[in-house]
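The values are calculated or read from the model by the stated rules, or taken from the named source; none is laboratory data. Model, not experiment: these values are computed from the prediction. Don't worry about glycine lacking a Cβ; one is built from the backbone with ideal geometry, like all the others, and counts go over all protein chains shown. Quick note on the areas: whole protein, heavy atoms, side chains included, nothing else; ligands and nucleic acids left out. Shrake-Rupley method; radii C 1.70, N 1.55, O 1.52, S 1.80 Å.
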Amino acid sequence: MNHILVAENVSKKFGEHAALSNISLEIPENCIYGLLGPNGAGKTTLIRIINQITYPDTGGVMFDGQPLAPEHIATIGYLPEERGLYKSMKVGEQALYLAQLKGLSKAEAKKRLKYWFERLEIGDWWNKKIQELSKGMAQKIQFIVTVLHEPKLLIFDEPFSGFDPINANKIKDEILELKKNGTSIIFSTHRMESVEELCEYIALLHQSEKILDGKLSDIKKAYKNNVFRVGLNVNKDGEQVLAQIKSQFDISTHQYYKDENQLDFSLKLPSPDTAIALNMLTKNGTINHFEEVIPSANDIFIQTVNSKTK
Amino acid sequence: MNKLKLIIRREYLAKVRNKSFVIMTFLSPILMVGMIVLIAFLTKVNDSEKRIITVLNESDYFSNSFNPTESISYIDFRDLTLEQAKDSTVSMGNYGLLYIPMEKSLEATANSTFLYTKESPVSTILERLETIFQNRLRQGRLQELGVSAKDFADIDEEFEINTSTFDGQQNIKGINEIKAVIGGGFGYLIMMFIIIYGGFVMRSVIEEKTSRIIEVIISSVKPFQLMLGKIIGTSLAGITQFAIWIFSASLLLFVAMLLLDIDLNTLSANPMMEQNTMVNMAALPEPADNDMQQYAEELFKIPWALLLGSFIIYFILGYLIYSSIYAAIGAAVDNETDTQQFIFPIILPLMLAIYVGFFSVFSNPHGPIAVGFSLFPLTSPIVMLMRLPGGIGESGVPLWQFLTSILFLIVTFLGIVWLAAKIYRVGILMYGKKPTYRELFKWLKY
């Protein structure tokens, strides 16, 4: 598998404060890579290093198989969390300026801007000033400016902030579309539901260290702890059944609906083998559902970070 | 390089299109010319106002002493009592009444003389009258010692020493001051430019921080490029503004002079009024008419090409040094109110240069203080320019001093820009509290 970006032992200190300690990451080509972590974990510093805004003290970054160099700037697009536009500059002029700074010719930039303005329904705002725009509109323009030069690697830091749900969805679709067209995407956010939805890979930073990384589905598998959510329609007294199960297995939460003879509970098994448990359960009634609990990205995030907090 | 050009272009256009910039550019010459015309007009009005002193002279010691001057004229009263004279003076609306009673001696007469005015008299009149009495008293005493009136007139002759340089050029008085004022004018221009446009650079940096566009930009260009582009773009806008000012102000002034028929000579009494109030403090000796030719020659001898050339060098280097400091300050803070504490230390050397320059260069253009300040890089752009009208070489600034000061300036420029760029690079991405000097120092090591 090719990697768009490989970081090797990257460290960065600000005075006495370590922002990144020995971070190594491999970001595969053409995937959406979630860069997660609590505030102050070092995500922004890492992103700034990739954008060559700051430089690592030690360690190195390879971009598309080469050491990261100034000419790569034109092939990276970055939407920072702290973003904005010149308030008193006209929308079109501003977008052209930012596109030209990324190395596009004026004519090419204009052509692509027209296309994107239509695509995101921005319409005739070309000659308006940013201060006349709504926040969502300004964010759209910001998004366009980020992707306009068709970078190989896109870095989005909280891309959905400032959007209403409809426009957030639109932007999400655009991100998926970009991925489909071959772009690699680094995605940094605190909104775990969008991580769940978008990311194939994640890395979790905490207190300047990487504490977890890999394919999201693999991580989830690794974080499974044989907990099952069970619904059982009992054929005798529920309390009795519950006591019987409790004597053999761990049960965390349970609910007994007496009228319907329905018993719902979470079951923790000592191993992934479910045969014994199922066998026992079927004797006591009919199983409505028996479902393995897969930890959400949110659970993994909280669990891992809490376990590592010193 | 291409990116730098883009940045310069944007900064230039952003500045030039700014409404307040446009208004300032076109309003300032009008205001300035209006002020000059007003001053000229007021001077004219002021000059034409004569104060009239009535003199009730009962003695004969002072019969020929009161000759009218530009600002005072005298009316003699005769055969009136003091009370009548007072009443008539008031009813005629004259400024005051000088009463000289008849006494036995000149001294006694002078001692019992009174000046009556409505309010306490203005100093010019008092001085003038006192001078008349002093002269008369001196004459009287000398006469007692046997000096005739004619001899007395001879004694009073003023004397001026003839001066010359060793190679035989005749020196004229005040030329050093005039030269320093000319150089000072250039120096002052540099200072104004630094303060105004350095401030623009700073505000522009702060704007990028507060609008949060900064990180978007520096993911495309190097912070140093952005800083440099900003400084150059803003100063080009400034030069445009200055050019418009100079052109339109001179045009307007010319038109105003024609229309109002104000003689330019009226203005020559306040030659620097439009530029600098500080220059006014150092009053120029009024050149006598027969010396005019010589002054013109001396002015002609000022090495204008050298002066202009070094003005450009000192301007560029000085401006770059200061505006990169301004940019660093802008990067270090979040809003303009926080800048005060950092701006004062920058303005200090500039003010020092102007004041020290005017005091020390005036009295001695090549004295130790003048030399020291013209070598010190933060003041040299201003002070050296004040010394340069004397030329470079034997009678002027020694060549080594000129070259050393430029060398110092270049070294400082490189050092300061390097430091400022470091602070800028870190500062633009820092939000929140205002940094202390210690924190700024720490940033240098990031």
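Mean separation of Cα pairs under 8 Å and 6 or more residues apart, divided by the residue count, gives chain A a relative contact order of 20 percent.
Distance from the C-alpha centroid of the range A:202-267 to that of the range A:8-58: 35 Å, rounded to the whole angstrom. Residue ranges A:202-213, A:58-69 sort as A:202-213, A:58-69 when ordered by packing (mean number of other C-beta atoms within 10 Å per residue, highest first).
With the convex hull of the Cα atoms taken as the outline of the range B:338-436, the averaged projected area works out to 7.2 nm².
Entry note, chain B: relative contact order of 20 percent, from Cα contacts under 8 Å with a spacing of 6+ residues. Working note: Karplus 6.51/-1.76/1.60 with θ = phi - 60° gives the range B:127-140 the couplings 4, 4, 5, 4, 4, 4, 5, 4, 4, 5, 5, 4, 4, x Hz, where Gly and Pro are set to x. Here the protein assembly as shown has 58 percent of its accessible surface on carbon and sulfur atoms, given a 1.4 Å probe and all protein chains in place. Full extension of the chain segment joining B:Tyr431 with B:Met192 gains 83.0 nm, where the gain is 0.36 nm per residue of separation less the Cα-Cα distance. Toward the positive end of the charge dipole of chain B, with +1 on the Cβ of Lys and Arg and -1 on the Cβ of Asp and Glu, the farthest Cα among B:Ala305, B:Thr113, B:Leu4 is that of B:Leu4. Note on chain B: GNM, Cα springs under 10 Å; of B:Pro377, B:Pro68, B:Pro303, the largest mean-square fluctuation is that of B:Pro68.
Peptide B:215-228 shows a mean partner chain C-beta count of 6 within 10 Å per residue C-beta. Remark on A:Gly285: its backbone amide H falls under 5 Å from those of A:Asn235, a criterion applied only to residues 5 or more positions apart or on other chains, H modelled at 1.01 Å from N. When all protein chains stay in place, what accessible area (Å², nearest 10, 1.4 Å probe) is found for A:Lys246? Accessible area, nearest 10 Å²: 100 Å². Averaged over peptide A:89-96, the number of partner chain Cβ atoms lying within 10 Å of each residue's Cβ comes to 2. For chain A, the Kirkwood estimate of hydrodynamic radius, built from reciprocal distances between every pair of different alpha carbons, is 22.4 Å.
Amide H to amide H, with H built 1.01 Å from N, A:Leu212 comes under 5 Å of A:Leu204, counting only residues 5 or more places away or on other chains. Over every Cα atom in the protein assembly as shown, the radius of gyration and the widest Cα-Cα span, Dmax, amount to 42.3, 152 Å.
The distance separating the Cα centre of the range B:393-446 from that of the range A:151-179 comes to 43 Å.
Taking amide H atoms as placed 1.01 Å from N in the peptide plane, the amide H of B:Ile72 lies under 5 Å from those of B:Arg51, each 5 or more residues away in sequence or on another chain. P(r) tail for the range B:70-218, what percent of Cα pairs lie past 17 Å? Cα-Cα pairs of the range B:70-218 separated by over 17 Å account for 80 percent. From the backbone phi of the range A:117-126, what are the Karplus-calculated ³J(HN,Hα) couplings (6.51 cos²θ - 1.76 cosθ + 1.60, θ = phi - 60°) in whole Hz, Gly and Pro given as x? So the J values, rounded to whole Hz, are 4, 5, 4, 9, 6, 8, x, 8, 8, 3.
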